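See structure below.
The values are calculated or read from the model by the stated rules, or taken from the named source; none is laboratory data. On a predicted model such as this, the values are computed, not experimentally measured, just so you know. Every residue, glycine among them, receives a Cβ derived from its backbone with ideal geometry; neighbour counts consider all protein chains shown. We work out accessible area using only protein heavy atoms, side chains counted, and drop any ligands, DNA or RNA first. Shrake-Rupley method; radii C 1.70, N 1.55, O 1.52, S 1.80 Å.
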2 protein chains.
Amino acid sequence: MRSAGIIDLGSNTARLVVMVYQPGYRYQRLDELREVVRLPEGMGGSGILRAAPFERGLQALRTFRSYCDANAIDDVRATATSAVRQASNGAAFVAAARERAGVVLEVLSGEEEARYGALAVANSLAVDDAVVFDLGGGSMQLSSLAGRRFAGGGAVPLGAVRMTEAFLEGDPPKPKALKALRRHVREVLAPRVAELPRGIPVVGMGGSLRNLANVVQSRSGYRPELLHGYRLERRALERLSDELAVMPVAARRDVKGLNRDRADIIVAGSVVIVEALAALDADEVIISGQGLREGLFYPYLFPEGDHLAPDLRAFSILNLMREYYDNPAHNDHVRLLALELFDQLAPLHGLGPDARELLGAAALIHDIGMAVDYYAHHKHGMYLVMGRALPGFSHREQVLIGLLVRYHRRGAPADLGFGGALEAGDMERLTTLAGLLRLAEYLERSKAQRVRGLRCHLGDGVVQIEALSRGDAEIEVREAGLRSGLLAAALGITVEVVSGHLPT
Amino acid sequence: MRSAGIIDLGSNTARLVVMVYQPGYRYQRLDELREVVRLPEGMGGSGILRAAPFERGLQALRTFRSYCDANAIDDVRATATSAVRQASNGAAFVAAARERAGVVLEVLSGEEEARYGALAVANSLAVDDAVVFDLGGGSMQLSSLAGRRFAGGGAVPLGAVRMTEAFLEGDPPKPKALKALRRHVREVLAPRVAELPRGIPVVGMGGSLRNLANVVQSRSGYRPELLHGYRLERRALERLSDELAVMPVAARRDVKGLNRDRADIIVAGSVVIVEALAALDADEVIISGQGLREGLFYPYLFPEGDHLAPDLRAFSILNLMREYYDNPAHNDHVRLLALELFDQLAPLHGLGPDARELLGAAALIHDIGMAVDYYAHHKHGMYLVMGRALPGFSHREQVLIGLLVRYHRRGAPADLGFGGALEAGDMERLTTLAGLLRLAEYLERSKAQRVRGLRCHLGDGVVQIEALSRGDAEIEVREAGLRSGLLAAALGITVEVVSGHLPT
């Protein structure tokens, strides 16, 4: 495995993200360091990075450099954005970074910054076309994605630190100041938004948005507790923004879900986001937990041409499988048998290609819980599936895959508290799919690929499943028969499993 | 990593356990296959393995062989115990296993079987001296452990299948039959128990015992839900045995926690165990989740001399660390700083060597949750610590280590439902230790070992911690200062963190 350190010197926050990866094969976020640098502090209209934030920025870079050296990170890529880009002494900062922190800093243009953000979205959310915004401390990037490709965009000087410094001095801010901020944001956004397409999903990123989404999500008791892919309603955001705007900063620090060190700039951040959604005429924003940093990483993971995962959903599932239980012979074979059952029994279950894809995905990762312990590995597996975002899948799909893993061995499917992410009819679909997966798993009981294929005979209220093998598959036939009850109940039929022999 | 397949052809159950390992370094249970073979079925007094169980046994071995071939297992070791050992046609079975299943079967003597069981206990429970019993389907092994070494023992023909066949024909069994069984067990046990030491812990293993413990544990709502190391009270076991004895087998199949395929032999099994505890004058039995299979595996893991882990508790922690987050430079350094703090602040906290060991253990594995995701890795870490038995540690210790991992970054320690495994005063101890660990973690904030040592100055109601470094450790000093609140609250003092310079 190679390692890459991505240093993102943002205007509010500096971060080092460490990824380990094998190009095109798998990756994992190993570590993250975060420092609040608040670079635009005291900049005002002067355009000069002041001494204190200048030193804070260098200190953060020194820490990250020292981490990368001590941990022998193979490649380090460091970028700076709005605050350094705009500062009249930005070049001096870049020189100081090289000389005093040993970090070679690329200063990204607004378009480059927007482009990498869009790349992160294309490699982590199941959207082909979208408007993407990234609200940082210094600027906001606004862009659009068409067919997963960057279709233009750039930076707008509406960052949360910058807007706080320019408009919201009081604590709490005066209504008049908020009004002035709102007006300013509208004026700046109007011409930029006019260039963007309408009627497609809006995806948002950045620390302020993640914090706001976190507050709304935790108050609503929503599960899964994952920000990436969460659909935040504009109305909920407006209510929260109004609530925060009248609180003094000390009270905002104690709001559950907000970072304490972001309490001072969150009001301005929330106003900018609310206005952006209004200007885009969007009722909700899909949160992207990935952003510029991940966008900068993808060229390492996918070095070819456009740095896009060729099949994002397939890659996500393989990435999980490879991390935790890389037994492709068994996993692939359970998938093959599950899909054969799905296809041959289609007249009985009537499920479509979406359900088929989820079944195939769950089959590949049904055993990942063994990384925690063999015993109860179905429970551990669900924990691992739900433990982090599954790029390319909606929360609903992720929950269904998690529950399929959970019920691949035994038990009657229940929603386990994730019902809020599901749609009407999903529990029935889940039960049928779990019944198919369970049968496939036990048809591959000895993990030796003895059952080479299946022939399903559909009769009146009864299905006979002929397990085709060249040699002995007695245990598979018996065990699959014993585990066929779930499928039988889901379809309201009788299921028989019998041996069938292939010519040797 | 090498792989070893251990085939244990027991009298009731045949199992293949697959372990992956690096000798002396780490191991993990990768997989397990289980088949009910019920070898003594119909044997009665004849001493002959009947045709049906004979074929079931061969079929299980063929399945396991086929698994090992398909999965390219490096070494396979297969053993048979009581049923084959006692059968007059045992040699024919061994020959058939070789010729018809491709499995070379070692038939263990009663003493060898007891010896491997004792080895499993010595490498998985924190007991130096113990009486160990292993109740199987054909026989029960009884032995003793002195200074972690096997100190003699062997097999007694009291297996659960054998006793069921010999005494408990009715459904439910007649009171008279139960009485006869009890008398028989007492008579057989008396001379064997007389040879064993008293007043030392009793450790039990085997599927019947695990099932019984599982029922008692799940009914009591006890957490952690781990069988290995669970202390099962004899009175609870007696009550459960009496309850099961009057139920028909069909009703026993639905008892939550019992394996359905063990419902017929569980009454005899419970009677044998209750009588054994009574004969040993023991109020409780410590459950060992490991047994013969793991005992047969340890010679692969620890090839030297006596196959004992030199320091079991240290090995368990390192094994976890190596599986999930093998960054020894950082982990070792957090441990070093945490123990320095512990030692220098001893006058303030007054904690002893047991607490010190737990702190050091938690420090080594505090980051393992990063294997699931960087975000919320403290929560994932606790999940992984509690996900399986931690050999050598009691449940109380495991919970304390898990909670230390959970609270190493933030939050005020709570017991999270594990209070039942803790002792009075543990929450205070936990808070102090979490305060120390958190400080150590942030004193190693950049994971570059910049803080080389500590000097603690104890004043009146205030502690000044001097972080000694050769270069720049500004971030460590600042962050540790910000995270010192938990320790300050635990000790009722003020904590200051300042820089101190070592000569360069």
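General remarks:
- Test result for B:A434, more than 14 Å from chain A (Cβ to nearest Cβ), under 30 Å from B:G221 (Cβ atoms), without any contact (Cβ under 8 Å) to a residue 60 or more places away in the chain and buried (at least 24 other Cβ atoms within 10 Å of the Cβ): yes
- Selection of the range B:125-155 for residues being in contact with a helix residue (DSSP H, G or I) (Cβ under 6 Å, 6 or more places away or on another chain), within 20 Å of B:L39 (Cβ to Cβ), open to solvent by less than 10 Å² (accessible area, probe 1.4 Å) and of a type in the set (A, V, I, L, M) yields only B:L135.
- A single member of A:R335, A:R322, A:R356 is within 14 Å of chain B (Cβ to nearest Cβ) and either on the phi < 0 side of the Ramachandran plot or among the small types (G, A, S) (or both), and it is A:R322.
- For the range B:437-459, residues that are within 14 Å of another protein chain (Cβ to nearest Cβ), within 36 Å of the chain's Cα centre (by Cα) and basic (K, R) total 2.
- Condition check for A:R396 on (1) open to solvent by 30 Å² or more (accessible area, probe 1.4 Å); (2) within 14 Å of chain B (Cβ to nearest Cβ): one failure, at (2).
- Test: B:Y383 is within 30 Å of A:N211 (Cβ to Cβ), aromatic (F, W, Y) and assigned to a loop (DSSP other than H, G, I, E, B): no
- The single condition among (1) open to solvent by 40 Å² or more (accessible area, probe 1.4 Å); (2) more than 32 Å from the chain's Cα centre (by Cα) that A:G170 does not meet is (1).
- Strands (runs of 3 or more DSSP E) wholly inside the range A:1-79 that include at least 1 residues being among the basic types (K, R) and surrounded by fewer than 19 Cβ atoms within 10 Å (Cβ to Cβ): A:2-9, A:26-36
- Scanning the range A:80-124 for residues that are open to solvent by 10 Å² or more (accessible area, probe 1.4 Å), part of a helix (DSSP H, G or I) and of a type in the set (V, I, T) gives a single hit, A:V94.
- Condition check for A:R429 on (1) within 14 Å of chain B (Cβ to nearest Cβ); (2) touching a residue at least 12 places away in the same chain (Cβ under 8 Å); (3) farther than 30 Å from B:Y374 by Cα: one failure, at (1).
- Unique residue being in contact (Cβ under 8 Å) with a residue 24 or more places away in the chain and within 22 Å of B:R62 (Cα to Cα) when the list is A:R478, A:R483: A:R483
- Qualifying residue in the range A:366-379 (condition: open to solvent by 10 Å² or more (accessible area, probe 1.4 Å), outside any helix (DSSP H, G or I) and among the charged types (D, E, K, R)): yes
- Of all residues making up the range A:325-338, the number that are part of a helix (DSSP H, G or I) and either open to solvent by 10 Å² or more (accessible area, probe 1.4 Å) or among the hydroxyl-bearing types (S, T, Y) (or both): 6
- For the condition touching a Leu at 6+ places or on another chain (Cβ under 6 Å), in contact (Cβ under 8 Å) with a residue 12 or more places away in the chain, crowded, with 18+ Cβ neighbours inside 10 Å and away from chain A (no Cβ under 13 Å), B:L341 qualifies.
- Residue list for the range B:223-244, restricted to those being surrounded by 20 or more Cβ atoms within 10 Å (Cβ to Cβ) and either over 21 Å from the mean Cα position of the chain (by Cα) or within 25 Å of A:K379 (Cα to Cα) (or both): B:P224, B:L226, B:H228, B:G229, B:Y230, B:L232, B:L240, B:S241, B:L244
- Residue list for the range A:407-435, restricted to those being under 23 Å from A:G350 (Cα atoms) and of a type in the set (K, R): A:R429
- Applying a threshold of 8 Å to beta carbon distances and a minimum spacing of six or more residues, or different chains, the list of pairs starting in the range B:371-392 at a residue that is within 20 Å of B:E294 (Cβ to Cβ) and within 8 Å of chain A (Cβ to nearest Cβ) and ending at one that is open to solvent by less than 30 Å² (accessible area, probe 1.4 Å) and part of a helix (DSSP H, G or I) reads B:G387/A:H380.
- Residues considered: A:A126, A:A122, A:A114, A:A130. Of these, the only one that is modelled with pLDDT under 95 and under 19 Å from the mean Cα position of the chain (by Cα) is A:A126.
- Here A:V405 meets each of (1) open to solvent by 30 Å² or more (accessible area, probe 1.4 Å); (2) closer than 13 Å to A:V334 by Cα with one exception, condition (1).
- Filtered residue count, the range B:443-494, keeping only those that are part of a strand (DSSP E or B), open to solvent by less than 20 Å² (accessible area, probe 1.4 Å) and closer than 27 Å to A:F64 by Cα: 6
- Check on B:V462, within 14 Å of another protein chain (Cβ to nearest Cβ) and farther than 13 Å from B:Y407 by Cβ: no
- Among the residues of the range B:150-162, none is identified as in a helix (DSSP H, G or I) and farther than 10 Å from B:A268 by Cβ.
- Restricting attention to the range A:391-416, the residues that are in contact with a Lys or Arg (Cβ under 7 Å, 6 or more places away or on another chain) and within 23 Å of A:V121 (Cα to Cα) total 2.
- Within this structure, B:A282 passes the test of being open to solvent by less than 20 Å² (accessible area, probe 1.4 Å), in a loop (DSSP other than H, G, I, E, B), over 26 Å from B:E32 (Cα atoms) and modelled with pLDDT of 95 or more.
- Residues located in the range B:252-268, provided they are open to solvent by 20 Å² or more (accessible area, probe 1.4 Å) and under 15 Å from B:G170 (Cβ atoms): B:D264
Yes/no matrix, rows are residues, columns are (1) more than 28 Å from A:R455 (Cα to Cα); (2) assigned to a helix (DSSP H, G or I):
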| position | (1), (2) |
| --- | --- |
| A:E340 | no, yes |
| A:P347 | no, yes |
| A:G360 | no, yes |
| A:A389 | yes, no |
| A:V405 | no, yes |
| A:H408 | no, no |
| A:A412 | no, no |
| A:R429 | no, yes |
